[in-house]
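The values are calculated or read from the model by the stated rules, or taken from the named source; none is laboratory data. For clarity, every value in this text was computed on a predicted model and none was experimentally measured. Here Cβ is always computed from backbone atoms with ideal geometry, including for glycine, and neighbour counts include all displayed protein chains. Ligands, DNA and RNA are stripped out before the accessible areas are found, and what is left, the full protein with its side chains, is counted by its heavy atoms. Shrake-Rupley method; radii C 1.70, N 1.55, O 1.52, S 1.80 Å.
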Amino acid sequence: EAGVAQSPRYKIIEKRQSVAFWCNPISGHATLYWYQQILGQGPKLLIQFQNNGVVDDSQLPKDRFSAERLKGVDSTLKIQPAKLEDSAVYLCASSLISGANQETQYFGPGTRLLVL
Amino acid sequence: AQSVTQLGSHVSVSEGALVLLRCNYSSSVPPYLFWYVQYPNQGLQLLLKYTSAATLVKGINGFEAEFKKSETSFHLTKPSAHMSDAAEYFCAVSGEGRRALTFGSGTRLQVQP
C-alpha cells in the first residue's frame, strides 16, 4: 500500500514570495490533515479536511495561508506572501474513515520550507 | 484544552539499557494517547496508541507504554535500547472535540554504543 505522498520535499524562497505544497493521501482515506512543524517543536494542526469539506481550520493563518481539497483526494497548501517565521516542515497526514479521535493518522515525509 | 508535556528534550542511553521517555497529558475527557517516532528527514510513524481497551499497550519495535489515569501519564519504555532506536519521539493526545492530534514538543533519543 502506497503511503502519503508530498511534494516538493524541499523549498527555499525569499520572504514575500508565494509557495505551494501538494499532498496525495493514502487511497481511500477520507480525512486529510496539514500540520506545521517548526524546528524543535511538535507538529501543530493547520487544517483538517473530511472528504472535500473543512472540519477545522481554527489555527490556519488565513491572511496568508490557504488550502483546498477540491475532489476529496489530493490537497494543496499555499502560503502567500511568506514570512520568515513560516520556515518549517509541512506535514500532510491522512486517516481512513471519519477522522475519529482514536484513528491512526499516517504521515507523509513532509516538505521542508526555508524562507530567506 | 488538551495538552501534552514531554519531560526531557534529550535522552541519552547506552545500547542495551532501558529506555524511558516521559509523557504527561491534560484532557477534560477520557483521552486517546499516541506515541509517534520520527527519523531524520522522514514523516512520523505510529509506535503505539491507547484507546481505552487496555492500560498497557504494546507497540512496534519492542516499545510499550502504560496509561496511568491517576498520574495522567503515558510513559514509553523499551527494555533494551538498540542503535536503530535513535530518533525523535512524540507523544500526542486527542479526544477533546477536535479530532486532530495535539503533540508534545518531542524527545530526542540518543543511543550510545
>> Just to be sure I understand the model, the point goes 7 Å from the Cα along the line to the Cβ. What's the resulting B:Thr55 to B:Thr72 distance in nm?
In response: 1.8
>> Return the Rg/Rh ratio of the protein assembly as shown with Cα-based radii and a Kirkwood Rh.
In response: 0.97
> Given the C-alpha centroids of region B:34-73 and region A:70-114, what is the distance between them in whole angstrom?
Replying inline: 22
>> As an exercise, use a Förster radius of 30 Å and the Cβ-Cβ distance of B:Ser9 and B:Gln42 to find the FRET efficiency, rounded to the nearest 0.05.
In response: 0.95
>> Counting only protein heavy atoms and a 1.4 Å probe, tell me what percentage of chain A's accessible area is made up of carbon and sulfur.
In response: 52
> For chain B, what is the largest minus smallest coordinate of the Cα atoms on each principal axis, given in angstrom and ordered from greatest to least?
Replying inline: 43, 28, 22
> Under a Cβ-Cβ cut-off of 13 Å, what is the net charge of the residues other than B:Phe74 that fall near it, where Lys and Arg count +1 and Asp and Glu count -1?
Replying inline: +1
>> Just checking the output field for A:105-115: average partner chain Cβ neighbours within 10 Å of each residue's Cβ?
In response: 3
> Which of the pairs A:Lys44/A:Lys83; A:Lys15/A:Lys44; A:Lys11/B:Lys78; A:Lys62/B:Lys69; B:Lys49/B:Lys78; A:Lys44/A:Lys78 have their Cα atoms more than 27 Å apart in this structure?
Replying inline: A:Lys11/B:Lys78; A:Lys62/B:Lys69
> Do you know the relative contact order of chain B, to the nearest whole percent, from alpha carbon pairs under 8 angstrom that are 6+ apart?
Replying inline: 38
> Just the projected area, averaged over all directions, of the convex hull on the alpha carbon atoms of chain A: how many nm²?
Replying inline: 6.8
>> Under a Cβ-only charge scheme (Lys and Arg +1, Asp and Glu -1), can you give me the dipole magnitude of chain B about the Cα centre, in debye to the nearest 20?
In response: 260
> So, counting K/R as plus one and D/E as minus one, what does the shell of residues with Cβ under 14 Å around B:Ala87 add up to?
Replying inline: 0
